[in-house]
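Colleague: Just dropping this structure here.
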Amino acid sequence: MDNPDDTTLPFWRQRPKPIGFEIAYRLKGDVLEIDSTRKVDQVRLSAVEQVRFIYAPSNVSSKGFRTRLRLSDGKSITFGNLSWRSLTDIERDDARYHAFVAALSSAVARANPKARFLAGKPYLLWLALTLAGGGAMVMLTFFSLRALQQGATTAAGLGLVLAAASFWQVWPMIRLNRPRDLATGEVPDDLVPGRQPA
């Protein structure tokens, strides 16, 4: 049951691991309150130097997204749109996630207009992912062509199936995590799903 704060202040709740506590994030003016059940932390939004949005699929869902705040003391706060309900069940509430992230981004922009807003992975990580993914696709294609030349149609078919499966998994990670700068306070719809029509 929601308490009064839940109905009057922007908040997000997530259980980031199958086993562990739920974490509640509540926006209180220029402070982000983080309640991990065992303790409550208060983070001043003026200390947020960077807000980064990434695509982060999990082992059980390809619809995972995360928001990461980097603070001036070097610490970071990361939360996502997926919440574990049990060892086998994940809950998504994209509309509420988007609403909270939009409110948080606006509050960070007000508290620290110099904060950087970024989409995707850092450039070197994204480049490594792109090269590894592209290399794997080239190798699987080469393997399939050689197998066809040698009359090993089963092996060629297996290579093509693996290439298609790899492309299906890797392409969204490359496309969505392309590094780019955002305007201060901007929330990208492709990395923060759930925007409700105005």
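The values are calculated or read from the model by the stated rules, or taken from the named source; none is laboratory data. Keep in mind the model is a prediction, meaning the values are calculated, not measured. Every residue, glycine among them, receives a Cβ derived from its backbone with ideal geometry; neighbour counts consider all protein chains shown. When the accessible area is computed, the model is the full protein with side chains, heavy atoms only, and any ligands, DNA or RNA have been set aside. Shrake-Rupley method; radii C 1.70, N 1.55, O 1.52, S 1.80 Å.
Colleague: Quick check on the stretch 83-104: of everything there that is touching a Lys or Arg at 6+ places or on another chain (Cβ under 7 Å) and closer than 26 Å to I19 by Cβ, which residue is least open to solvent (accessible area, probe 1.4 Å)?
Modeller: Checking each candidate, the answer is S83.
Colleague: Condition check: over 18 Å from the mean Cα position of the chain (by Cα), closer than 22 Å to R26 by Cα, of a type in the set (D, E, K, R) and assigned to a helix (DSSP H, G or I). Does R38 satisfy that?
Modeller: no
Colleague: Can you name the condition, by its number, that L69 falls short on among (1) outside any loop (DSSP other than H, G, I, E, B); (2) touching a residue at least 60 places away in the same chain (Cβ under 8 Å)?
Modeller: The failed condition is (2).
Matching residues to (1) in contact with a helix residue (DSSP H, G or I) (Cβ under 8 Å, 6 or more places away or on another chain); (2) open to solvent by less than 60 Å² (accessible area, probe 1.4 Å):
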| position | (1), (2) |
| --- | --- |
| L118 | no, yes |
| A136 | yes, yes |
| M139 | no, no |
| S166 | yes, yes |
| I174 | yes, yes |
| R180 | no, yes |
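Colleague: For a quick check of your reading: which strands (runs of 3 or more DSSP E) sit entirely within the stretch 89-198 and have at least 3 residues that are free of Cβ contacts under 8 Å to residues at least 60 places away in the same chain and under 26 Å from E33 (Cα atoms)?
Modeller: 90-92
Colleague: To continue, here is another question. Please indicate, with yes or no, whether at least one residue in the stretch 47-56 is of a type in the set (A, V, I, L, M), outside any helix (DSSP H, G or I), over 23 Å from R178 (Cα atoms) and touching a residue at least 12 places away in the same chain (Cβ under 8 Å).
Modeller: No, the stretch 47-56 contains no residue that is of a type in the set (A, V, I, L, M), outside any helix (DSSP H, G or I), over 23 Å from R178 (Cα atoms) and touching a residue at least 12 places away in the same chain (Cβ under 8 Å).
Colleague: Just the residues that are open to solvent by less than 10 Å² (accessible area, probe 1.4 Å) and touching a helix residue (DSSP H, G or I) at 6+ places or on another chain (Cβ under 8 Å), please, taken from the stretch 105-116.
Modeller: A107, V108, A115
Colleague: Let me ask something else about it. Which residues, taken from the stretch 15-30, are assigned to a strand (DSSP E or B) and either open to solvent by less than 20 Å² (accessible area, probe 1.4 Å) or touching a Leu at 6+ places or on another chain (Cβ under 7 Å) (or both)?
Modeller: Result: A24, Y25, R26, L27, K28.
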